[in-house]
Structures are given as C-alpha cells and as structure tokens.
Amino acid sequence: MTEIHSTTILAVQHNGSVAIGGDGQATMGNTIAKSNVKKIRKLQEGKVLTGFAGSTADAFTLLDRFDEKLNAYGGNMKRAAIELAKDWRMDRYLRRLEAMLIACNKDEILMLSGTGDVIEPDNHVAAIGSGAMYAQAAALAMIKFAPQLSAEEIVRESLNIAADICIYTNHNLVIEKIG
C-alpha cells in the first residue's frame, strides 16, 4: 500500500462497537498549515464512518465517489469499496489521486488505496497515515491487556500515543462511533 504522510487515522472494532478517529493536523511540507482539520466523515446517515489520509482535495473526491458507490449498491460497504478501488485503479483521473481511506460499519473495517487494495484487517484494527504504526501498536496492546476498554477509549488513547511520537500527528482528535 502507498505510504501517506501527514496524519493518523485509526479504526477499532471491539466489544460490540466500532470507533474511528483522526487527528486534526494538516501540513504543507514541514510546516503545520492547520491544526483542526476534520478527517472523519459520516456516510449513509451515520451507518458508515470514514477517515482519510493524504491530500484533502483528493480525499474529498474519493469520499464523494465512495458515497455514490454506497448509494448505487444499497449501502453494501464491501461491494462499494471494491467498485471504488476498481475505478480508482483504472480511471486516468482517479489514478493520480493521493489519498487513502478507512471505511467502517458495525460489522467490518476496510482500508482502501489507489493501488486497488481493499483490505479487511484480521485483528479488527486498521490504521493509515504517518502515525499509523504507532496507533495500531497501541490499539493492539490495549485490546490485549485492557480488554474492558471500549473501542472509543482505545482509539482515543492510541491516537494520543501516536501524537506524542509522530510529528505529523497532533492531539486535536475527532472520534466517531457506531454501536
């Protein structure tokens, strides 16, 4: 998958609920351009939650296309994701977009990239962006050693850990949940 810098998005499915969160930092090169960007979006009347990393304009284009696919396939998230990934890879315009998405509903989490990847993580944790590995490691540890925590609590604490380590991630968090 393509490595995207300048944010951290994390989704966790745990104890009957799903939460997704992201930091609010937008950078231009090595300069912080904005500190409170909202990178988490609700689709399908809140039944599908998404987060993006990469170019904001590119991500909004992909979110619009993903929403169209969700509408075309009756809210079937996996089918919509596969169809978007096919278009993303094959369409000359979409191929140039530099962003990644995480989409989740009450049953599944998917990571989507411009190389045609639609990945459903085995461990119910997905992360993208420059702080992804820090947030993912923290979330997996919390699931293992503090299983009483909610998905929302795991996302919040994991993103805060990533923000302490990754210079492209800040503590202005937006977190949404289902369940």
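The values are calculated or read from the model by the stated rules, or taken from the named source; none is laboratory data. The model shown is predicted, which means the values in this text are computed figures rather than measured ones. Here the Cβ positions follow ideal geometry from the backbone for every residue, glycine too, while neighbour counts run over all protein chains shown.
Has the range 155-163 got at least one residue that is within 11 Å of H14 (Cβ to Cβ), out of contact with any helix residue (DSSP H, G or I) (no Cβ under 9 Å at 6 or more places or on another chain) and assigned to a helix (DSSP H, G or I)?
Checking the range 155-163: not a single residue is within 11 Å of H14 (Cβ to Cβ), out of contact with any helix residue (DSSP H, G or I) (no Cβ under 9 Å at 6 or more places or on another chain) and assigned to a helix (DSSP H, G or I).
Residue-wise test of (1) closer than 24 Å to V12 by Cα; (2) of a type outside the set (V, I, T); (3) modelled with pLDDT of 80 or more.
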residue	(1), (2), (3)
R79	yes, yes, yes
D91	no, yes, no
E108	yes, yes, yes
G114	yes, yes, no
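Within the set of pairs 6+ apart or on separate chains, which have a first residue in the range 15-34 that is on the phi < 0 side of the Ramachandran plot, a second that is hydroxyl-bearing (S, T, Y) and in a strand (DSSP E or B), and C-beta atoms under 8 Å apart?
Within 8 Å, the pairs are I20/T50; G22/T8; D23/T8; A33/T27.
Take the residues in the range 99-116 that are in contact with a Ser or Thr (Cβ under 9 Å, 6 or more places away or on another chain) and not hydrophobic (A, V, I, L, M, F, W, C); name whichever of them is nearest to A141 (Cα to Cα).
Within the range 99-116, the match that is nearest to A141 (Cα to Cα) is K106.
How many of the residues making up the range 17-57 are in contact with an Asp or Glu (Cβ under 6 Å, 6 or more places away or on another chain) and surrounded by fewer than 18 Cβ atoms within 10 Å (Cβ to Cβ)?
Residues that pass the stated criteria total 1.
Of all residues in the range 63-86, which are touching a Lys or Arg at 6+ places or on another chain (Cβ under 7 Å) and part of a helix (DSSP H, G or I)?
Applying the first criterion (touching a Lys or Arg at 6+ places or on another chain (Cβ under 7 Å)) to the range 63-86 yields 63, 73, 75, 80, 83-84.
Across the range 63-86, the qualifying residues are L63, A80, E83, L84.
Any residue at all in the range 78-85 that is among the acidic types (D, E) and over 18 Å from T115 (Cα atoms)? Lay out the reasoning, then the answer.
Here is the first cut: in the range 78-85, the residues among the acidic types (D, E) are 83.
Subsequent filtering for residues that are over 18 Å from T115 (Cα atoms) retains none.
No, the range 78-85 contains no residue that is among the acidic types (D, E) and over 18 Å from T115 (Cα atoms).
Among the candidates R89, R79, R96, which residue alone is touching a Ser or Thr at 6+ places or on another chain (Cβ under 8 Å), free of Cβ contacts under 8 Å to residues at least 40 places away in the same chain and not hydroxyl-bearing (S, T, Y)?
R89
Can you name the condition, by its number, that F60 falls short on among (1) part of a loop (DSSP other than H, G, I, E, B); (2) without any contact (Cβ under 8 Å) to a residue 24 or more places away in the chain; (3) surrounded by 13 or more Cβ atoms within 10 Å (Cβ to Cβ)?
Only one criterion in (1) part of a loop (DSSP other than H, G, I, E, B); (2) without any contact (Cβ under 8 Å) to a residue 24 or more places away in the chain; (3) surrounded by 13 or more Cβ atoms within 10 Å (Cβ to Cβ) is unmet by F60, namely (1).
Which residues, counting only those in the range 101-120, are under 16 Å from I20 (Cα atoms) and either among the hydroxyl-bearing types (S, T, Y) or surrounded by 19 or more Cβ atoms within 10 Å (Cβ to Cβ) (or both)?
Selection gives L101, I102, A103, C104, N105, I109, L110, M111, L112.
Of everything in the range 40-57 that's at pLDDT 95 or above and outside any strand (DSSP E or B), which residue is nearest to E83 (Cα to Cα)?
In this case the residue turns out to be Q44.
Which pairs do you get when a residue that is more than 21 Å from V48 (Cα to Cα), found in the range 3-14, comes within reach of a residue that is assigned to a loop (DSSP other than H, G, I, E, B) and modelled with pLDDT of 95 or more, reach meaning Cβ atoms under 8 angstrom, with the pair 6+ apart or on two chains?
none
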